[in-house]
Amino acid sequence: MRIALLGGTGDIGEGLALRFARDTDHEILIGSRDPEKARDAVAAYEDELADRGAESTVKGFANEMAADRADVVVLSVPPYYAGDTVEAVADSLDEDTILVTPAVGMQGDEDGLHYHPPGAGSVTELVAQRAPDAVPVVGAFHNLAADALSDLDNDLDLDTLVVADDEDAKESVLALANEIEGLRALDVGPLANAAEVESVTPLVINIAKYNEDMHDVGVKWV
């Protein structure tokens, strides 16, 4: 399987790229609006993986080219770019492509971060509205700390919550997420439940803010 991480040069993109490359046999494609930036990121990721003895295939492309080559496309971009990024690569997506979004709308003030969804109800639902009709959209990887993901010395013991209307696409992403060592994927139902999933993210960030010994907070459901 080919997994494209659009905006894969950013924090969450780096973490997912390194984990997928180290823990799975899938080919990882790093996408960026600037293909040279994508190739620079690939070189850094390959050095990190080689230092740990990981054999992997990571390539860098412009976002549109990465999406065109992928079976799974992850929108690892800030929430305010998610809709525009989908539209920019729409011609590269089809019914055989699974579109995954981990983005969460938040606003901050002196007290912390607060959930701030778009008018669609959640960023996941916004992506579904902006995606071509035949393309299945899945929400996943929302509540994971980027620093914890990108630090391969950090052993994960976390859950990720997955929502989708397309059951086959959801099962594929559940299986894919479970391939990451120390990550357990849980089915949380249809896209209509995305707001509840996304709203957990500012909560865990605020926990980290107010507790010095809990820098990379995540969620484990028991």
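The values are calculated or read from the model by the stated rules, or taken from the named source; none is laboratory data. Please read these numbers as outputs of a predicted model, since none were measured by experiment. Using ideal geometry, Cβ is built from the backbone for each residue, glycine included, and neighbour counts are taken over all protein chains shown. Surface accessibility is based on the protein's heavy atoms, side chains included, excluding ligands, DNA and RNA. Shrake-Rupley method; radii C 1.70, N 1.55, O 1.52, S 1.80 Å.
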Would you please name the residue that is nearest to Gly119 (Cα to Cα), looking only at residues in segment 191-216 that are open to solvent by less than 20 Å² (accessible area, probe 1.4 Å) and β-branched (Val, Ile, Thr)?
-> Val197
Tyr80 vs (1) without any contact (Cβ under 8 Å) to a residue 40 or more places away in the chain; (2) of a type in the set (Phe, Trp, Tyr); (3) outside any helix (DSSP H, G or I): all pass except (3)
If you take the residues in segment 163-190 that are farther than 21 Å from Ala128 by Cα and charged (D, E, K, R), which one is most open to solvent (accessible area, probe 1.4 Å)?
-> Glu181
State whether the residues of segment 9-28 include one that is open to solvent by less than 10 Å² (accessible area, probe 1.4 Å), closer than 19 Å to Ala148 by Cβ and among the aromatic types (Phe, Trp, Tyr).
-> yes
Selection within segment 97-115 - under 29 Å from Asp133 (Cβ atoms), open to solvent by less than 10 Å² (accessible area, probe 1.4 Å), assigned to a strand (DSSP E or B) and not aliphatic (A, V, I, L, M) | Thr101
When restricted to Ala177, Ala195, the only residue assigned to a helix (DSSP H, G or I) and in contact with a Lys or Arg (Cβ under 9 Å, 6 or more places away or on another chain) is Ala177
Residues of segment 60-96 satisfying the condition of being open to solvent by less than 10 Å² (accessible area, probe 1.4 Å) and closer than 21 Å to Ser122 by Cβ | Val72, Val73, Val74, Leu75, Ser76, Ala82, Gly83, Val86, Val89
Some residue of segment 133-156 being free of Cβ contacts under 8 Å to residues at least 12 places away in the same chain, over 13 Å from the mean Cα position of the chain (by Cα) and in a helix (DSSP H, G or I) | no
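Scan segment 199-222 residue by residue and report those that are charged (D, E, K, R) and touching a Gly at 6+ places or on another chain (Cβ under 7 Å).
Result: Lys209, single match.
Can you tell me which residue among Thr9, Thr85 is among the hydroxyl-bearing types (Ser, Thr, Tyr) and either in contact with a Leu (Cβ under 7 Å, 6 or more places away or on another chain) or in a strand (DSSP E or B) (or both)?
Just a single option satisfies the conditions, and that option is Thr85.
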